[in-house]
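Asker: There's a structure below that I have some questions on.
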Amino acid sequence: QTQLVESGGGLVQAGGSLRLSCAASGITVSRNVITWYRQAPGKQREMVAQINSAGTTNYDDSVKGRFTISRDDAKNTVTLQSNSLKPEDTAVYYCHAYVRGWHYWGQGTQVTVSS
């Protein structure tokens, strides 16, 4: 059974940092495209950062230079290091994997950035 579990969210002041983790079971993160999305209240879910099997990364323009996505193959986890956080980064952050035609989502972790 494929499962993605996010952790690491919380409340932080503007300018602070959070480290979000996505622990995967049932799939191997190094063999798949793993994407972090976020959804703010009243807004559509949007892609934040992505890493593919080759380790190539891609970021939304709004987080370039502030967020870093990385992978720990030994732990089968994908991490999103979020620095210089802004109030507009407030959202529920979700981990996503697309595996052989199926979409898998985690339950999400809340990130709240106070001004």
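What follows draws every value from the coordinates through simple rules; no lab data is involved. Since the structure is predicted, the reported quantities are computational estimates derived from the model, not experimental observations. Neighbour counts run over all protein chains shown; Cβ positions are idealised from the backbone, glycine included.
Asker: I want to verify the translational diffusion coefficient of the range 61-115 in µm²/s; compute it with Stokes-Einstein, Rh as the Kirkwood radius over Cα pairs, at 20 °C and 1.002 mPa s.
Answerer: Stokes-Einstein gives a translational diffusion coefficient of 165 µm²/s.
Asker: For the range 1-66, what size does the Cα cloud have along each of its three principal axes, sorted from largest down, in whole Å?
Answerer: 35, 24, 23
Asker: Tell me, what is a quarter of the convex hull surface for the C-alpha atoms of the chain, in nm² with one decimal?
Answerer: 6.8
Asker: Something else about it: Hey, got a sec? Which trypsin sites (Lys or Arg not before Pro) in the range 1-43 land in a DSSP loop and have at most 15 other Cβ atoms within 10 Å?
Answerer: The qualifying sites are K43.
Asker: Also, quick follow-up: Pick from Y98, Y37, Y59: which residue has the top mean-square fluctuation in a GNM of the chain where Cα pairs under 10 Å get a spring?
Answerer: Maximum fluctuation in the GNM of the chain, among the listed residues, is at Y98.
Asker: Right, next: Report the full-extension gain for the segment D61 to R100: residue separation times 0.36 nm, less the Cα-Cα distance, to one decimal in nm.
Answerer: 11.2 nm is the gain from fully extending D61 to R100.
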